[in-house]
């Protein structure tokens, strides 16, 4: 019943802090049964415990309630400060009578980040809502500046499947360049593009000043001839660019005669040197959206210029542009940039151990920490698609995840920064602790005895004469701090006795990798049975057990 009492205390404290008043028994009971429906059959047994806990809390102050809640359940304190936005969620789309064709189009120069997950989830969710087709399209036609990683193609598909967003169609742009050439030629014939031989710096000066370059007046025949020389190798890299003819007096210089193709002789990771004339992103993306029948595009508001540029291409060719939704940037406090290029450099420099390092904002890292796909999906959908830039905390995702994993995660003891404690008296040889505090899933038997490990931080909070309870074992009285010693003081559970956890001295070594560092210590032997699973290290947090050997390695999820 210790565990149920702890749950009651958490919910009672949250209720008290929320209303700055003694907690309401009915509200606490309702919260307990709502969060843990498996306890409903034990209501008669639980009700007296609720009254007992509330009676104890009434003897303490509002400041103490807040301090205690912050110590034992900071996530419940965080819930109280969350503001509910009625506009959250996915708004309805127009022109959906025949279903939708949505695409997520990454450059595979690294694995998906949390930003990528947002695009994958929202696009796929709209397809589930309206019917149609969800496409993953790899925009991988830059073999130099944003050179693709061969492994990343598979990583994206793996993470899509994990997120519950398996694509209906997978397109790789670098394997379809042949389809772009006839469209470029048709564009030239319609007077919508020309081959420019200006040096890059020269054209930039022309563009900034709104001056037409000399090549803009070339005839269709001259442009077709130069285009073919780009393709057959007559013109070298840097000697020519195919530009889409827009308006050299447009108020936004970024729209003026933008480049559609350039010569690149570097080898591509997938297709080698098959092509020497490569489309730039605005051309490739625009053409693919037409070829694939994309009905709706969701893109960052910082990419609004892309739509303005691409509409010139659509107008020349008589195509209908998809409906566009612009959304704001998402920033997560615990992480820096989502840029895969920057992450890649940091990994290559040894700042991180890899793409699954718990400190990086990749889906692979989040998965390794035990964050569930369902939690990420629910969070990203509720985030919506508004144009306002959003700054959030991972705590919001953790709150969703906690609801899912709390029922499934077994409880285990892990003592970080351990210090040995010698206990005089008749200490039980073993402890019988539940695998879960509220669900009858059996028990775990943990060797105990007169010498155990406790956390150094717990020892630092004690003084000689303190009576404490070793969780699921017995009560002890502290008799010495250096060295740490105590005496056995019975087995009965005290009402207000401080509870700490412990670990056997022959338990396995455990290393927990966290976003902000590493904790090392000793755990109970049963942790080795949890490989690949999420467990809760009591009084520490949820972790995923990722490897079992001489040292058990776990990745920290959250408290």
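Kindly indicate whether any position in segment 46-61 is surrounded by 13 or more Cβ atoms within 10 Å (Cβ to Cβ), in a loop (DSSP other than H, G, I, E, B) and either at positive phi or without any contact (Cβ under 8 Å) to a residue 60 or more places away in the chain (or both).
yes
Inside segment 15-27, can you point out the residues that are closer than 22 Å to residue 498 by Cβ and crowded, with 22+ Cβ neighbours inside 10 Å?
Of everything in segment 15-27, those that are closer than 22 Å to residue 498 by Cβ and crowded, with 22+ Cβ neighbours inside 10 Å turn out to be 16, 23.
Given the structure, is residue 487 touching a strand residue (DSSP E or B) at 6+ places or on another chain (Cβ under 9 Å), farther than 30 Å from residue 32 by Cα, outside the structural domain of residue 71 (by TED's automatic domain parsing) and touching a residue at least 60 places away in the same chain (Cβ under 8 Å)?
The answer is yes for residue 487.
It is to be established whether one or more residues within segment 81-101 are under 30 Å from residue 167 (Cβ atoms), buried (at least 18 other Cβ atoms within 10 Å of the Cβ) and touching a residue at least 60 places away in the same chain (Cβ under 8 Å).
So far as segment 81-101 goes, yes, one or more of its residues are under 30 Å from residue 167 (Cβ atoms), buried (at least 18 other Cβ atoms within 10 Å of the Cβ) and touching a residue at least 60 places away in the same chain (Cβ under 8 Å).
Residue 187 - would you say it is more than 27 Å from residue 303 (Cα to Cα) and either over 39 Å from the mean Cα position of the chain (by Cα) or not assigned by TED's automatic domain parsing to the domain that holds residue 151 (or both)?
Numbers: more than 27 Å from residue 303 (Cα to Cα): no; either over 39 Å from the mean Cα position of the chain (by Cα) or not assigned by TED's automatic domain parsing to the domain that holds residue 151 (or both): yes.
Judged against the criteria, residue 187 is not a match.
Mind checking which strands (runs of 3 or more DSSP E) fall wholly inside segment 293-354 and carry at least 3 residues that are within 20 Å of the chain's Cα centre (by Cα) and in the same structural domain as residue 109 (by TED's automatic domain parsing)?
In segment 293-354, 296-300 are the strands (runs of 3 or more DSSP E) which contain 3 or more residues that are within 20 Å of the chain's Cα centre (by Cα) and in the same structural domain as residue 109 (by TED's automatic domain parsing).
Would you mind telling me which numbered condition in (1) modelled with pLDDT of 90 or more; (2) exposed (fewer than 14 other Cβ atoms within 10 Å of the Cβ); (3) not assigned by TED's automatic domain parsing to the domain that holds residue 483 residue 443 fails?
(3)
Going by the conditions given, is residue 478 more than 34 Å from the chain's Cα centre (by Cα), at pLDDT 95 or above, more than 25 Å from residue 559 (Cα to Cα) and buried (at least 16 other Cβ atoms within 10 Å of the Cβ)?
yes
Among the candidates 343, 280, 242, 303, which residue alone is touching a strand residue (DSSP E or B) at 6+ places or on another chain (Cβ under 6 Å) and closer than 25 Å to residue 117 by Cα?
Going through 343, 280, 242, 303 in turn, the sole match is 280.
Conditions (1) surrounded by fewer than 20 Cβ atoms within 10 Å (Cβ to Cβ); (2) modelled with pLDDT under 95; (3) over 20 Å from residue 546 (Cβ atoms), marked per residue:
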| site | (1), (2), (3) |
| --- | --- |
| 331 | yes, yes, yes |
| 335 | yes, yes, yes |
| 342 | yes, yes, yes |
| 355 | no, no, no |
| 372 | no, no, no |
| 377 | no, no, yes |
| 383 | no, yes, yes |
| 399 | yes, yes, yes |
| 403 | yes, yes, yes |
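Name the one entry in 520, 529, 477 that is assigned by TED's automatic domain parsing to the domain that holds residue 428 and more than 29 Å from residue 4 (Cβ to Cβ). It would help to see each step written out before you state the result.
Values: 529 fails: more than 29 Å from residue 4 (Cβ to Cβ); 477 fails: more than 29 Å from residue 4 (Cβ to Cβ).
Answer to the check: 520.
Which condition does residue 286 not pass, out of (1) surrounded by fewer than 18 Cβ atoms within 10 Å (Cβ to Cβ); (2) out of contact with any strand residue (DSSP E or B) (no Cβ under 8 Å at 6 or more places or on another chain); (3) touching a residue at least 24 places away in the same chain (Cβ under 8 Å), if it passes all the others?
(1)
The values are calculated or read from the model by the stated rules, or taken from the named source; none is laboratory data. Keep in mind it's a predicted model, so treat the numbers as computed, not measured. Heads up, the Cβs are rebuilt from the backbone with ideal geometry, glycines too, and the neighbour counts pull from every protein chain shown.
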